[in-house]
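Right, one structure below, let's go through it.
The values are calculated or read from the model by the stated rules, or taken from the named source; none is laboratory data. Values in this document were obtained by computation on a predicted structure and should not be read as measured data. Every residue, glycine among them, receives a Cβ derived from its backbone with ideal geometry; neighbour counts consider all protein chains shown. These area figures cover heavy atoms from the full protein model, side chains too; ligands, DNA and RNA do not enter into them. Shrake-Rupley method; radii C 1.70, N 1.55, O 1.52, S 1.80 Å.
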Amino acid sequence: MDSAIAALDKHGKFGDAIRKAHQNHLAQTSQLRGLYEEVDKLTKSKSVVPPSDLLVEVVNAQIADAKALIFRDAYLGRLKSFVPAGDNPSYPDLLLSLRILQQTSERFTSMLEVETKGHFSIGSELQTIASALRVAEQEEVDFHNEVSDEEESDTSDNDEDEQEDVASDDDDDDGSDSDDVEEEEDDSGLTEEDGEEGEDQTEEYDEYVRKSEVKAKIDGPISDAWFRKHGDEVFFNFEKLDRVGIPSYEPPKDGITYEPDQK
């Protein structure tokens, strides 16, 4: 349970990073689209007026923003900002740089979708596992409380029976010694039989958690991969949990793209 909760906490923190990446990417895409259209118009018109310092500064800022968000892209890594010294670059050069940014943005869109799906899938698994453990924990507590109540009830009944036996023995004090011996032998035999029955009837907690119980605890999709069918019922697969453990979720050290571990 502690491991599942810790993994969920880590998963939630990286989810915030993914949402922020989505927001930044949308803003950059919108800005890039407008900037590309303006430079494209100036390029096609073959303007005799060279690019202004402001335009070069805006293009450089667009390149810097893209590199701050997008990793693992070789073509973006090769793209350099324009040096603000001497003559400004031509419109075709600016347009080419913006086109590289557009294609990089398109690739990053696909990468971000894969990362989001991987994050969503691991989150569903962690929620399923944590909910199953909570159900199992509560059912085990209820089971032992029920057994404890039954034991107290049996103890009370046994006390009443002993009191009745004592009263019966007092009434039979006038009987012969041989009768007493026979009764003791009979009582001894009954005691052994009762002991054997008690051992056979000892109950143990069986860890069976139904899928319907887990689903009722989850506010969202459930991971079917953590269940198996047994007869007409579908139960959580605790054997798989013992074998595989809590799914690991390690945010990438460079970039957003996350590839889930292949078990």
#### Entry: Karplus (6.51, -1.76, 1.60) ³J(HN,Hα), θ = phi - 60°, over region 57-67, in Hz, Gly and Pro reported as x
5, 5, 5, 4, 5, 5, 5, 5, 5, 5, 5
### Message
Going by average Cβ density within 10 Å per residue, which order do the peptides 237-245, 124-132 take, highest to lowest?
### Response
124-132, 237-245
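What accessible area per residue, rounded to a whole number of Å², is obtained for region 18-88 using a probe radius of 1.4 Å? Please report the intermediate quantities before stating the final value.
On the way: 4800 Å² over 71 residues.
Averaged over the residues of region 18-88, the accessible area is 68 Å².
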## Note on the structure
Any residue on another chain or 5+ positions along whose placed amide H is under 5 Å from the amide H of Phe71 is listed here as Ile256
### Message
Just to check I understand the Karplus step: with θ = phi - 60° and J = 6.51 cos²θ - 1.76 cosθ + 1.60, what whole-Hz values come out for region 10-27, glycine and proline as x?
### Response
5, 4, x, 5, 6, x, 5, 5, 5, 5, 5, 4, 4, 4, 5, 5, 4, 5
### Task
Would you mind checking which residues have amide H under 5 Å from Val234's amide H? H placed 1.01 Å from N; only 5 or more apart, or other chain.
Lys211
### Task
Using amide H atoms built 1.01 Å from N in the peptide plane, name the residues 5+ places from Phe227, or on other chains, whose amide H lies under 5 Å from its own.
Asn237
### Query
Between Ser90, Ala4, Thr116, whose Cα lies farthest towards the positive end of the dipole of region 1-144 when Lys and Arg beta carbons carry +1 and Asp and Glu beta carbons carry -1, centred on the Cα centre?
Ser90
## Note on the structure
Taking every other residue with Cβ under 12 Å from the Cβ of Leu26 and scoring Lys and Arg +1, Asp and Glu -1, one gets +3
### Query
Taking θ as phi - 60°, what are the ³J(HN,Hα) couplings along region 124-129 by the Karplus curve (6.51, -1.76, 1.60), each to the nearest whole Hz, with x for Gly and Pro?
5, 5, 5, 5, 5, 5
### Message
Quick check: at a probe of 1.4 Å, how many percent of the accessible area of region 1-135 sits on carbon and sulfur atoms?
### Response
57 percent
